[in-house]
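This report concerns only the one structure given below.
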Amino acid sequence: MRIILLAILLLYAEISVGAPLIYWCATNPEEIELAKRLVKEWNHSHSDTTIKLQPVPAGASSEEVLLAAIVAKTNPDIYSNMLPAMLNKFVKADSLLRLDGLKNFANETEARIGTTILIDYRSPDGHYHQLPWKLNPVMLVYNIDLFQQLKIKPPRTYDEFWTAAKKLTADTDGNGRIDRWAMSPSTTVLWWQRLYDFLPFYMAATNGRSLLNQGQAAFNNVSAIAVMDFFQKGFARGYFPKSGMVSNLFAQQKVGMTIVGPWALKMFERSMPKKFNFKTIPIPVPDGHTGPAYTYGDPKSFVVFKNTQHPEAAWEFVKFMTSKKADKLLLDITGQIPVRKGLLTDVYYKEVFVRRKDLVPFASQVPFTKPGDNSEHIVEILDFLGQQYEAAAVYGTIPAKKAIENAANHVEHIYRNW
Amino acid sequence: MQSEQSKSKTGILFTSPYVIHLLVFFLYPVGFSLYLVVHRWDLITDPKYVGLRNFKYLMSDHLFWQALANTLYFLAIHIPLQIIVALALAVALAKPLKGRVFFRATFFLPVVISGAAVTILWQRLYSTEDGLINYVLSLVGIDAVPWLTDPGIAMPAIAIMATWKNLGLYIVFFLAGILAIPQPVYEAAKMEGASSWDEFRYITLPLLKPTMLLVVVMSTLGGFNLFIEPYVMTGGGPLGSTMSVVLYMYKQAFSFQHMGYAATLGFALALIIMVCVFTQKKYLDSERYY
């Protein structure tokens, strides 16, 4: 009997004290490499609170996987791939730890991020449940060699974009079929695709406005119609292919421009059949637009789950992962931009930017980059917006104005019914 | 000798794994789904009782009705195509053909390959600009067909793919049915001067009626469960033309976390399948077998 009791006590001690904290990172090779390196370093100096690294299990989206894990109570202690747009759902479910209740949160965030940017990440209840980690501005990348060869000016406005698109779209092998296009925006209705086409263009056209305002659609306006009309024209004029091509068309030089974040640069280099030079510029804006071209930042944050046995240790690990040194590694290994003020002026990061000049435009864009809306209905809203985008922009079956009206009305419908 | 009580215990012991399986993986999920039908539940907060609101929403949800129409359209192409092609190949494979074993195995191969892998393969084949099918068509002067991006073509394209994937299974069913027909029946028909077509029309086809019923019912069940093909190849597009009921149900459940509404969709689908299968059974099973 004594032996059994002792065994139970030892097991309990193992579970509550010695068990490692589980940390889930994103699944791309660069982020896994970064996480492995930092976790190894942490475990070397923290034998009492070790971390067990695991990339997010496969699924349609990491958000779906995370939800399933919470239901099954198999969620990690720490997660670094939280999309702030989805955060409210987890806050409502009371599954996230309030970080602003932890030691040094204010000092830590002030030093790294600053209050002005941090406020964009506040939960509706006024507290902070996430620590912004990276903000990757979605921008326009163009093929310099092709642009020079065709004597095209990099586009800043829609008019300039059409001039470039007309020259880029061509039948290069003379078989009577178009085989090179201006750009290849997604034609699918997957909700997150709108984060890489409609949303950055909408933010660029509106000086960074978001889609929602206190449970109401804030995008039933001329700017949204202009953006939808922009994509409609691109598909209708044949500048964007409607096909189901799944290969990387930019790396294959089958399109002259693409909309991506900094994470894609290394991927381009890896998948280029023939090397070429490319450059990054802000998202084009409607003609006559004044002010900077804002964009969407594909943000990802650190969160700690409420059911962790070691909240303080988890918070310490999050601080370690977002330290000055870790941010430098994030920049260097993954080519992604940490949410850190003065990144371009800080001498500590200078040598990375000297080596990786392609990251400078992305880092310069950060002050004009927004994390997007935080709503528990964001997936459904973007999904319906995607259906309207498909109908209006890709197939031209409804006018752009009607598509925006439908999407805005559906937002009201979603909030009313669900 | 074993006593009655001991026999009963042994029986319970042997049947218990299945009973447990049934309770855990069938009765409990069905019971829980019934509970969800009158609730709203987003997986992570407590379910909220809503009475018949999910049903009312279903009646006015045009996306559900579109998904149902798409699924029926898929079935209208898939079932006849499956039967005609599988039957034709089974008839051919029943004959003393050279390399018969090889062909039988080859036709069955897609059945055992993962659905997702097959779907990705066909997605590449169907690609408008760089797909193999359009390349072959271009060799004979036919313009590129937008297989998966034209709302009018996408569902038939998926039906062709699904038919190819399941063909082997139905060939086996038909083949078993054909080989079970007694040879003297054919010999007698030959002596009476029947042609090959007469043999097929008046002997093979009528005697295959039980197999036909099985194939129709199984194709219907499989067709109503259409999911992986549109999920991987088109995401339900273009313009919702390949959105099946199961894909819509999955989207409501796992993309939007409307678990109660998804359960309601599930029950509606089960009801529709029941009506379809009973109707098929009534018509195909009404005459006596030979």
Check: Among B:P17, B:P47, B:P29, which is under 22 Å from A:A69 (Cα atoms), out of contact with any Gly (no Cβ under 8 Å at 6 or more places or on another chain) and modelled with pLDDT of 90 or more?
Finding: B:P29
Checklist line | Filtered residues of the stretch B:38-66 (kept if under 27 Å from B:S241 (Cα atoms), more than 10 Å from every other protein chain (Cβ to nearest Cβ) and in contact (Cβ under 8 Å) with a residue 24 or more places away in the chain) | finding: B:N54, B:F55, B:L58, B:F64, B:Q66
Note to self: Take B:G99 and tell me if it is small (G, A, S), within 13 Å of another protein chain (Cβ to nearest Cβ), more than 17 Å from the chain's Cα centre (by Cα) and farther than 19 Å from B:M161 by Cα.
What the structure shows: no
Margin query: Can you confirm whether A:P262 is within 14 Å of another protein chain (Cβ to nearest Cβ), over 21 Å from A:K167 (Cβ atoms) and either out of contact with any Asp or Glu (no Cβ under 7 Å at 6 or more places or on another chain) or touching a residue at least 24 places away in the same chain (Cβ under 8 Å) (or both)?
Written below: no
Notebook entry, point to check: What number of residues within the stretch A:90-114 are aliphatic (A, V, I, L, M) and out of contact with any Phe, Trp or Tyr (no Cβ under 8 Å at 6 or more places or on another chain)?
Noted result: 5
Notebook entry, point to check: Among the residues of the stretch A:188-237, how many are in a loop (DSSP other than H, G, I, E, B) and away from chain B (no Cβ under 14 Å)?
Noted result: 14
Check: If only one of A:D120, A:D100 is at pLDDT below 90 and in the same structural domain as A:I32 (by TED's automatic domain parsing), which one is it?
Finding: A:D120
Next item on the list: Check A:V360, A:V303, A:V347, A:V352 and return the single one that is surrounded by fewer than 23 Cβ atoms within 10 Å (Cβ to Cβ) and more than 21 Å from A:G261 (Cα to Cα).
Entry: A:V347
Note to self: Condition first: out of contact with any helix residue (DSSP H, G or I) (no Cβ under 8 Å at 6 or more places or on another chain), assigned to a loop (DSSP other than H, G, I, E, B) and assigned by TED's automatic domain parsing to the domain that holds A:L212. Can you find one or more residues in the stretch A:299-306 that meet it?
What the structure shows: no
Notebook entry, point to check: Any idea which of (1) modelled with pLDDT under 95; (2) assigned to a helix (DSSP H, G or I) is the one B:M1 doesn't satisfy?
Noted result: (2)
Check: Does A:E376 meet the test of being charged (D, E, K, R) and not in a helix (DSSP H, G or I)?
Finding: yes
Notebook entry, point to check: Which one of these is closer than 20 Å to B:Y170 by Cα and more than 14 Å from chain A (Cβ to nearest Cβ): B:L226, B:L271?
Noted result: B:L226
Notebook entry, point to check: Among the residues of the stretch B:147-155, is there at least one that is farther than 30 Å from B:A263 by Cβ, within 14 Å of chain A (Cβ to nearest Cβ) and not in a loop (DSSP other than H, G, I, E, B)?
Noted result: no
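Okay, residues lined up against (1) within 30 Å of A:T308 (Cα to Cα); (2) assigned by TED's automatic domain parsing to the domain that holds A:L199:
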position	(1), (2)
A:K325	yes, no
A:L330	yes, no
A:Y348	no, no
A:E351	no, no
A:L359	no, no
A:P399	no, yes
Check: Is one or more of the residues making up the stretch A:338-352 outside any loop (DSSP other than H, G, I, E, B), hydroxyl-bearing (S, T, Y), more than 17 Å from the chain's Cα centre (by Cα) and away from every other protein chain (no Cβ under 14 Å)?
Finding: yes
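The values are calculated or read from the model by the stated rules, or taken from the named source; none is laboratory data. Not measured: the values here are computed from a predicted model. Glycine also receives a Cβ, built like all others from the backbone with ideal geometry; neighbour counts cover every protein chain displayed.
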